[in-house]
Structures are given as C-alpha cells and as structure tokens.
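To keep things clear, I will list the structure first and then write my remarks on it.
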Amino acid sequence: MNEQKPALLAQSIVELENWMIENGEAKYRAKQIFEQLHRGISPDDMSNIGKKLQEKLRASFHYHLPEVELKLVSAIDGTVKFLFALADGNCVESVVMKYEHGNTICISSQVGCRMGCKFCASTIGGRVRDLGPDELLGQVIAAQKEIGERISNIVMMGIGEPLDNYDNVIKFLHLVNCEAGLNIGYRHISLSTCGLVDRIKMLMEEDLPITLSISLHAPDDETRSAIMPINNRWGVAELLDTCRAYFAHTGRKISFEYTLIAGKNDSVENANKLAKVLNAHLRSRTETMPIHVNLIPVNEVAETGFKKSNKAAVAAFAKALEAKGIRATVRRKLGSDINASCGQLRRAAMKKD
Ligand code: SAH
C-alpha cells in the first residue's frame with residue numbers, strides 16, 4: 001500500500017458521518033461524498049465540498065481508483081476485459097459481459113490465489129495479497145465509468161478465492177448494495193468458491209441473499225483431490241452437506257461449476273457418479289433443492305497441459321446428468337477473441353515484465 005491511511009472508498013456512510021462529526025464538519029457531507037465517490041468522482045474533483053474539506057480528507061484517507069492498464073473489447077460479443085493497476089502497482093482483471101438483462105461484471109478478489117487448483121492460471125504464482133473493500137468496489141466503479149453504462153450484476157469469479165478474503169468481501173457486499181452508491185441488489189450478485197466449508201457456514205449466517213456458486217469439478221474425492229488441493233481439507237460429501245444446510249437456511253439455490261478436462265473428469269461414468277452424489281446429498285423425499293450444473297470445457301492454460309473435452313464428450317456428459325434430473329447447461333464462451341478467461345491476462349503481463 002502507498003500509505004497507512006485508511007481507504008476513503010472503503011468507508012460506509014455511517015463511518016463517514018462519524019468522521020465528519022469528529023472533524024467538525026456537517027454530517028450531511030458524508031452522504032454527499034459517498035454518492036460521488038461511488039460514481040467514480042475523486043474527492044479533489046468534488047466541486048460542492050470546498051478546498052478545506054478536500055484537504056482534510058486527503059490528510060485522513062488515501063484515495064485510489066483502479067487504473068486501466070489495458071482494455072480489450074471483443075469484436076464478437078462486446079465483452080470488455082480490463083487489466084486494472086492498483087495503487088501499489090499490482091494488477092488484477094475484471095471482465096464486463098453484455099447480456100440482454102444488463103451488464104455483468106466479473107471481478108477479482110485477490111492478487112493471485114493460494115488454492116492451487118491444477119487447471120487454473122490465477123494460482124500459478126500463488127497469492128500476493130488480498131484486495132481491500134475499496135479495491136473490490138473500485139473495479140465496479142472504474143469499469144462502469146469506463147463503459148459509460150450501468151453495471152447491474154456482479155459475479156465474484158475472477159482472480160482469487162473470495163472466501164479466503166472473507167471480511168473484505170463482506171464489507172464490499174454491503175457497500176455495493178448501498179442505495180446511495182451503486183445500489184446493486186444481493187440477488188444480482190454471485191460468489192464463486194472452491195469450497196471453503198468453514199467460510200460457507202459463516203456466509204450462511206450473514207443472511208445475504210446472494211447466489212452461491214460451488215466449483216465442484218469432480219464427483220468423488222479421488223478425482224477432486226487430484227485437481228483441487230482444497231478437497232484434502234474438506235471432501236465432496238462434507239461440501240455438499242454444507243451446501244444443503246446453506247440452502248435450507250437461506251432458501252437460495254446454489255449452482256455448481258464443472259470444468260470438463262479431457263480424460264480427467266469428463267467420462268459418462270463421471271457424470272453418472274456426479275448425478276448420484278448430488279442427488280444423495282441435496283435431495284430427499286421431503287425437500288428438493290433445484291440443482292443446476294454449469295459445464296465449462298476447460299480453458300487451456302499453457303502451463304497446466306490440460307486439454308478440453310471434445311464436443312461429443314460434453315454433450316454426452318450433459319445428457320447423462322439430465323437423465324438423472326440434474327439441469328445442465330454448457331457455458332457460452334464470451335470474449336473468446338480477447339482471452340477473456342480469468343488470470344491469463346495478468347500472467348501475460350507479468351511475463352512481459
Ligand atoms: N476461487 C473461486 C473463484 C475464481 S475461479 C472458485 O474457485 O470458484 C472462477 C471459476 O473458473 C471457478 O469455477 C474455477 O474453478 C474456474 N476455472 C479456473 N480455471 C479454469 C480454466 N482453466 N478453465 C475453466 N474454468 C476454470
């Protein structure tokens with residue numbers, strides 16, 4: 001970090017109000033500043049607060065909006081990929097996808113990742129550091145400012161494991177939901193995790209109606225542990241039982257991500273096993289959780305050597321799931337011409353350096 005001061009963008013309205021009172025300023029200034037900050041206006045450009053207050057803010061807080069290091073726009077579908085530079089020079093990626101129901105941003109939660117999933121580009125160099133609430137929010141504010149259109153949905157599926165940066169992510173969720181700020185409803189926010197069971201239980205108690213997405217990628221412990229080290233800590237059965245508790249507690253359905261890797265986890269036998277284990281842990285005679293599996297042919301990362309499943313294998317896998325009452329969709333790939341998959345742009349930039 002460039003300074004030890006707290007980040008202005010991480011402050012809630014109440015925290016700003018308290019600061020105003022402690023610093024002999026009018027309380028209403030807090031909301032005025034908050035609203036402008038969340039529209040991407042720097043405190044030095046706020047014309048309605050006066051030079052004196054601007055100076056005081058500078059003395060108490062640091063302010064930095066992620067800066068566009070690189071911006072790629074897909075000629076195929078309009079997907080926009082950003083490489084953002086943070087205050088300390090680290091870079092993260094965000095992707096804006098244009099859907100009929102509005103713009104969705106995929107944001108990063110950490111610089112790098114320490115989860116070690118074997119197929120993933122983001123984890124190769126390990127975790128450098130967590131992103132602060134200001135940097136999580138900053139990606140949304142900066143991207144919205146840059147594209148000049150409202151962003152209405154957020155998915156936390158970029159670089160990093162959001163539940164490994166728990167407190168900052170929770171603070172961010174509250175900030176981004178704030179009416180005076182970006183006002184993005186919890187139901188329009190998805191959080192993806194590789195399966196930190198203790199944190200999923202904590203999240204359940206927050207009572208935030210966000211959508212949880214589980215990166216499952218395998219139907220049994222042997223297959224899953226071979227590609228996702230986190231599975232050695234919490235196995236498939238414990239993870240799925242936690243999902244069931246999460247659904248029972250929040251009423252929010254959970255979606256499952258399944259990356260198809262040729263010869264590793266993509267056989268019809270794997271699909272049958274997956275349907276069986278999902279049905280066994282998530283469905284009973286008395287309650288039925290809607291189950292949705294997102295199938296994603298693995299994005300090939302040079303370093304991993306994993307190959308994606310061919311079309312026939314993907315179709316057969318989906319068919320086997322559907323036959324057992326599991327809804328399966330194959331993820332439409334957006335921005336294929338701009339290398340829009342997570343972590344690959346940051347790695348390319350690091351290699352260049
Ligand atoms: N750490 C979180 C979120 C980041 S990754 C998680 O694990 O869920 C977002 C999704 O992309 C996860 O489902 C992850 O497993 C998947 N993913 C990572 N690398 C991939 C690759 N090379 N091809 C396809 N999906 C990948």
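The values are calculated or read from the model by the stated rules, or taken from the named source; none is laboratory data. A quick note: this is a predicted structure, and the numbers were derived from the prediction, not measured. Cβ: placed from backbone, ideal geometry, glycine included. Neighbour counts: every protein chain shown. Note: areas computed on protein heavy atoms with side chains; ligands, DNA, RNA excluded. Shrake-Rupley method; radii C 1.70, N 1.55, O 1.52, S 1.80 Å.
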*Filter region 168-195 down to the residues that are touching a Phe, Trp or Tyr at 6+ places or on another chain (Cβ under 9 Å) and in a loop (DSSP other than H, G, I, E, B), then identify the one that is surrounded by the fewest Cβ atoms within 10 Å (Cβ to Cβ).*
A180
*Would you check if R283 is at pLDDT 80 or above, open to solvent by 20 Å² or more (accessible area, probe 1.4 Å) and more than 24 Å from the chain's Cα centre (by Cα)?*
yes
_Filter region 154-167 down to the residues that are more than 10 Å from the ligand (Cβ to nearest atom) and surrounded by fewer than 19 Cβ atoms within 10 Å (Cβ to Cβ) and list them by number._
Y166, D167
*When the residues of region 19-42 are filtered to those that are among the acidic types (D, E) and over 33 Å from the mean Cα position of the chain (by Cα), which remaining residue is most open to solvent (accessible area, probe 1.4 Å)?*
E22
_I'd like to check something: does region 117-134 contain any residue that is more than 29 Å from I227 (Cβ to Cβ) and assigned to a helix (DSSP H, G or I)?_
yes
_Positions within region 208-233 being in a loop (DSSP other than H, G, I, E, B) and crowded, with 19+ Cβ neighbours inside 10 Å, in sequence order_ = I210, L216, H217, A218, P219, M228
*Hits in region 43-63 - residues which are outside any helix (DSSP H, G or I) and either open to solvent by 50 Å² or more (accessible area, probe 1.4 Å) or touching a Ser or Thr at 6+ places or on another chain (Cβ under 7 Å) (or both)*: S47, N48, Y63
_Residue check, L163 over 28 Å from P209 (Cα atoms) and of a type outside the set (S, T, Y)_ = no
*Would you be able to tell me the number of residues in region 333-346 that are closer than 15 Å to E303 by Cβ and either open to solvent by 40 Å² or more (accessible area, probe 1.4 Å) or modelled with pLDDT under 70 (or both)?*
6
*What's the number of the condition Q144 fails, among (1) at pLDDT below 95; (2) crowded, with 19+ Cβ neighbours inside 10 Å; (3) more than 11 Å from the ligand (Cβ to nearest atom); (4) not aliphatic (A, V, I, L, M)?*
(1)
*asked:* Please count how many residues of region 115-136 are within 15 Å of the ligand (Cβ to nearest atom), small (G, A, S) and at pLDDT 95 or above.
replied: 2
*For region 168-198, which residues satisfy the criterion of being more than 15 Å from the ligand (Cβ to nearest atom) and of a type in the set (F, W, Y)?*
Y186
*Within region 287-332, can you find the residues that are part of a loop (DSSP other than H, G, I, E, B), open to solvent by less than 70 Å² (accessible area, probe 1.4 Å) and either touching a Phe, Trp or Tyr at 6+ places or on another chain (Cβ under 8 Å) or within 14 Å of the ligand (Cβ to nearest atom) (or both)?*
M289, I291, V298, N299, V301, T304, G305, F306, S309
*asked:* Return the residues of region 70-116 that are among the charged types (D, E, K, R) and assigned to a strand (DSSP E or B); say none if nothing qualifies.
replied: K71, K81, E93, K98
*Can you tell me which residue among C106, C120, C91 is open to solvent by 10 Å² or more (accessible area, probe 1.4 Å), of a type outside the set (S, T, N, Q) and over 22 Å from P297 (Cβ atoms)?*
C91
*Which condition breaks for Q139 when tested against (1) farther than 21 Å from T242 by Cβ; (2) touching a helix residue (DSSP H, G or I) at 6+ places or on another chain (Cβ under 7 Å); (3) within 16 Å of the ligand (Cβ to nearest atom)?*
(2)
*Does G112 satisfy being farther than 16 Å from A7 by Cβ and modelled with pLDDT under 95?*
no
